[in-house]
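Notes for the one structure printed next.
The values are calculated or read from the model by the stated rules, or taken from the named source; none is laboratory data. Just so we're clear, the structure is a prediction, and the values are computed from it rather than from any experiment. Positions of Cβ are backbone-derived with ideal geometry, glycine not excepted, and every protein chain shown enters the neighbour counts. Ligands, DNA and RNA are stripped out before the accessible areas are found, and what is left, the full protein with its side chains, is counted by its heavy atoms. Shrake-Rupley method; radii C 1.70, N 1.55, O 1.52, S 1.80 Å.
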Amino acid sequence: MKKYSVFFLGLILLPVMILAQNNEQSAVVTTSKGITISPAEFKAYYEDYKQKIKNLKSDDWYFNLSDKITAAKELALQKIILNEAKKNKIEQTEYFRILKPEMEKAFQEIDQRANREKLSHETVALIKEKIKNGLLCKAYLNKEIEPYIQVTDSDIDNFLTAHQGTYALKRTKKNSKAQIIQRDILTQMIQSEKRSRVAKEIAQTLFKEYDVKVNENMLKNIE
C-alpha cells in the first residue's frame with residue numbers, strides 16, 4: 001500500500017515539479033523567494049534601459065551581454081525592493097506618508113494627460129501603479145538608509161583631512177588654494193557619499209538573501 005501511495009504522490013507532484021522547472025528555464029531572472037523576470041518583462045525594461053544609456057553616453061553606444069546582465073539585475077533589484085517594501089508594510093509608515101503629496105501631484109498630472117490624450121482607464125491605472133511602486137521603493141530605502149547617514153563633526157574633520165588642499169571651511173595661509181565650502185553643503189556631500197555606499201551594501205545583501213540568478217544564455221538571444 002505504501003508503494004502505491006508513493007507512486008500516486010509522485011504522479012501528483014510531477015506536473016508541479018515540471019511546471020516549476022519550466023518556469024525557471026523560461027525566466028530571465030529567478031530568485032529563491034519567488035521573484036522572477038520573464039523575457040517579455042525584461043524586453044520592455046531593456047528598451048528603457050538602452051535609451052537611458054544612450055542619453056548618458058552616446059546614441060551609437062554598442063550594447064552587449066554585460067549591458068543586458070546589468071539591466072536584468074537592475075530590474076531584479078527594483079522588484080526585490082518593492083517586495084520588501086510591501087512585506088514590511090512601508091505604506092503605513094511615516095516614510096511613505098511624507099512622499100504622498102508627491103504621489104498625489106503625479107496622479108493629478110496623469111489625470112490631466114489622460115484627458116488630453118484620451119488614455120484608457122487601464123493605461124492610467126498601470127501608470128499610477130508604477131508611480132506608487134516607485135515611491136514605495138523610495139520610502140523603503142529611506143527607512144533603511146536613514147540610520148547610517150547622520151553626519152558628525154568627526155565625519156567632517158575626516159573629509160577635510162582626506163581632501164586637504166581641495167576643500168576648506170575657511171581661508172588660511174595653508175589652504176590658500178582650497179575651495180571654501182559652507183558647512184551645510186559639505187554635510188550634504190558627505191550624506192550623499194554615505195547614501196550611495198549604504199544603498200550599494202543593501203543591494204548586495206538583498207541579492208545574497210534572494211539568491212538571484214541571471215540566465216545569461218537566455219539573455220544572449222534577446223535583442
*By per-residue mean of other Cβ atoms within 10 Å, what is the highest-first order of 190-198, 121-129?*
190-198, 121-129
*Is any helix in the chain, taking whole DSSP H runs, at least 15 angstrom long along its axis by alpha carbon and on average at least 0.0 on the Kyte-Doolittle scale, and which ones?*
2-25
_Cut-off 13 Å between beta-carbons: net charge of the residues surrounding residue 98, Lys and Arg +1, Asp and Glu -1_ = -1
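Largest first, how would 119, 206 line up by accessible area (1.4 Å probe)?
Details: 119 45, 206 10 Å².
If we order 119, 206 from most to least accessible, we get 119, 206.
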*asked:* If I compute solvent accessible area with a 1.4 Å probe over the protein chains, what percent of it on the stretch 29-221 is carbon and sulfur?
replied: 50
_residue 113-residue 51 FRET efficiency (beta carbon distance; Förster radius 30 Å; 0.05 resolution)_ = 0.95
*Full extension from residue 174 to residue 153: what is 0.36 nm times the residue separation minus their Cα-Cα distance, to one decimal in nm?*
5.5 nm
*Which semi-axes, in whole Å and largest first, does the equivalent ellipsoid of the stretch 80-204 have when worked out from the alpha carbon gyration tensor as the square roots of 5 times its eigenvalues?*
41, 19, 11
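Order of 79-85, 95-101 by packing, highest average Cβ count within 10 Å first?
On the way: 79-85: 20.1, 95-101: 14.9.
Ranked by mean Cβ neighbours within 10 Å, highest first: 79-85, 95-101.
What is the chain's relative contact order, in percent, from Cα pairs under 8 angstrom and six or more apart in sequence?
On the way: 165 pairs, mean separation 59.5, N = 223.
Over the chain, the number comes to 27 percent.
Step through the table entries 50/86; 79/118; 86/128; 43/73, compare each Cα-Cα distance with 19 Å, and write down the pairs that go over it. Present the calculation step by step, with values, prior to reporting the outcome.
On the way: 50/86 29 Å; 79/118 30 Å; 86/128 16 Å; 43/73 13 Å.
Over 19 Å apart, Cα to Cα: 50/86; 79/118.
If we count every other residue with Cβ under 14 angstrom of residue 50's Cβ, Lys/Arg +1 and Asp/Glu -1, where does the sum land?
Working: positive: 43, 52, 54, 57, 68; negative: 47, 48, 59, 60, 67, 74, 223.
Residues close to residue 50 contribute a combined charge of -2.
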